[in-house]
Amino acid sequence: MLRGVGALSIPSLLGAVGKTAAASNSVPDEPNVVPQVAQISQSSPELEKWVEEVPRPGVMEPQGTKEGQPYYEVEIQEVEQDIHRDLPPTTVWGYDGQYPGPTIEATRGEPIYIRWQNKLPDEHLLPVDTTIHDENVPYDTTSSRVVTHLHGGNVEHESDGKPLAWFTRDFEETGPKFTKKDYYYVNDQPASTLWYHDHSLGITRLNVYAGLAGFYLLRDESEPELDLPGGEYEIPLVLQDRTFNDDGSLFYPTGLSEDDRAESRPKPSIVPQFYGDTSVVNGKAWPQLTVEPRKYRFRLLNGANSRFYNLKLLEYDESAGTTGEEGPSFTLIGNDGGFLSEPVQINERLQLGSSKRADVVVDFSDYAGQTLLLHNNAPALFRGSVDDDVEETKPLPEVMVINIEGTEPVEDPSQVPSRLGRVPEIPVDSADHNRYVTLVTQTDEYDRPVHLLGTEENITGNHLYDPVTETPTLDTTEIWSIANITGMSHPIHLHLVHFQVLGHQSFSDFNPDADTIDPESLDPPRTNEQGWNDTVTVDPGEVAHIIVHFGEYDGLFNDQTGHYMWHCHMLEHEDHDMMRPMEVLPDDSGNNEEKCEWPVDDENRDSGGPIFE
């Protein structure tokens, strides 16, 4: 049984967040609680498209060794970078002084150390809302804060990049959860496309938008035996959206649009979501990619703050700016957590919520001499469908073009094998606990939308600093049923672990009194949800069911305990306030040996809790 929710009906759930439902358990067409408010916006200067090549970030080499393992030092710097030939140089923040950061390649079973070094100036590049978590961030005394999270990393909690483990330039000031300068990545998990990005409390959206993100490719020594496209034919691609000022600088909104409530809001103020008007791939605006007529392997990453991508390759007439017939399909070979057991051809479109990765192979051998467009038809806001006709839609249909050289196919020794990785199924009947969580929208003290994560005990949502409610035990298996009662889709990310998606169902069909989850009664996992995931998209009025094992499973992953996070990966939501702690307890006791510290101001709160971040 879904513990603790048996007496809670779906109508009462919706009523608790300000909506009503019929006695038939029907779900409103728009389960959103708070109407979305327009933000201050701007249009980028006109830039000629498809005139610059997609750059390929270089691979970083270690500076030495530590305890016999490779040791890296990565400086986080403010630099000027050419984003487009029609723009003046753009000031960005970059790992190792580049945006995106250099690719780090590691080998499964071989740990590495990284010291992330803050060399940023004191003043932030973008408008900072000092009301966000101001009770725990000393905005008036700290300079630019950073902390790096290895997204998808099955790592010790001290090296997870906790939001309160931030540090300023040269470690002059550190957050209350800072414990070490040198992060240790054990790399004991399947080969996969990971990425690293900033995770500082209250400013993640700004730091990532400024440029703090990069690829971390974990390889396996047996991977070359698969004969997949490699070397120059394997290309990591991070898809993002940006808006620029005329002087080349990054534009980021300073608040919501002016209305009768504007005077009561902070200036600058956080915005509910951000959608840029310019496609940026690997740090280059409106780029082109030149390829040979053969197979390529693309490591796709949605690195946007809020935007969803729903991708397909289409034939493209560049002179007329029009699309034609469908181009080659994507063959999906891997997901967030590594290879699928076998390749899957994507016949429709490939959907990527923020932070999702897709490892795909595309065969261009039949398209010599042609031009293709990487096309996106996901609206913004994204609500799980592509036929929304709403005023706030800010589409970004053109992502980049691909020019295929030559007149006929070239020699290509690569292949897509019929068997790829090992993905042992986690049986539903192995679950030790069923956990029920909710995604909700409320308003904060400034009458701004605030997105929250709730539980069966508090369906209307918990704030970041409320007491921890997700406390799985090491070497146990849990089913999480994630119910979305907001008006938009949310990509929900769990730190530390990778999980398998059991399926989705309508809110109205969800029975919290059921003894278990029957996968046969669910809509099956979407094509891009097969295999190991660390992020799952939950659409409005939907319940997504995932099954997750905490610790080593059938020889994969490794045992870790301690304090981690789970949150929506729309970065504006994560900052405000759709993020919660998760404490993985040892399997031999009911309490973690590491005790949580209580913040000073909690003694004056009615319902405060320890800081787990």
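Values in this text are rule-based calculations from the coordinates and carry no lab data. What you are looking at is a predicted structure, and each value in this text was computed from that prediction instead of being measured. Methodologically, a virtual Cβ is constructed for each residue, glycine included, from the backbone with ideal geometry; neighbour enumeration extends over all protein chains shown.
The table below lists the values:
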{"item": "Reduced Cα scattering model of region 231-404, Debye log10 I(q)/I(0), q = 0.09, 0.11, 0.19 Å⁻¹", "result": "-0.36, -0.52, -1.34"}
{"item": "Candidate aspartates and glutamates - alpha carbon under 19 Å from residue 119, same-chain residues fewer than 8 apart omitted", "result": "73, 75, 78, 80, 96, 170, 172, 173, 182, 198"}
{"item": "Reachable aspartates and glutamates, given that their alpha-carbon falls under 13 Å from the alpha-carbon of residue 177 and they are not under 8 places away in the same chain", "result": "158, 160, 594, 597, 613"}
{"item": "Helix-only CD estimate at 222 nm, as mean residue ellipticity for the chain, using -39500 (n - 2.57) per DSSP H run (n ≥ 4)", "result": "-500 deg cm²/dmol"}
{"item": "Magnitude of the charge dipole, region 315-383, Cβ model with Lys/Arg +1 and Asp/Glu -1, debye to 20", "result": "460 debye"}
{"item": "Karplus 3J(HN,Hα) series, Hz, for region 103-109 with 6.51 cos²θ - 1.76 cosθ + 1.60 (x for Gly, Pro)", "result": "6, 9, 10, 10, 10, 3, x"}
{"item": "Shape category assigned to region 371-520 from the gyration tensor of Cα positions, a/c cut at 1.5", "result": "oblate"}
{"item": "5 angstrom amide H check on residue 486, placed H, neighbours 5+ away", "result": "541"}
{"item": "Viscosity 1.567 mPa s, temperature 4 °C, Stokes-Einstein D of the chain from Kirkwood C-alpha radius, µm²/s", "result": "52 µm²/s"}
{"item": "Dipole-positive endmost among 204, 214, 69 within region 64-225 (Cβ charges, Cα centre)", "result": "204"}
{"item": "Region 396-482: GluC sites (Glu not before Pro) in DSSP coil with no more than 16 other Cβ atoms inside 10 Å", "result": "405, 411, 425, 445, 457"}
{"item": "Cβ-Cβ FRET estimate between residue 558 and residue 247, R0 fixed at 60 Å, reported to 0.05", "result": "0.80"}
{"item": "Whichever lysines have a C-alpha closer than 21 Å to that of residue 295, once near sequence neighbours (fewer than 8 apart) are set aside", "result": "312"}
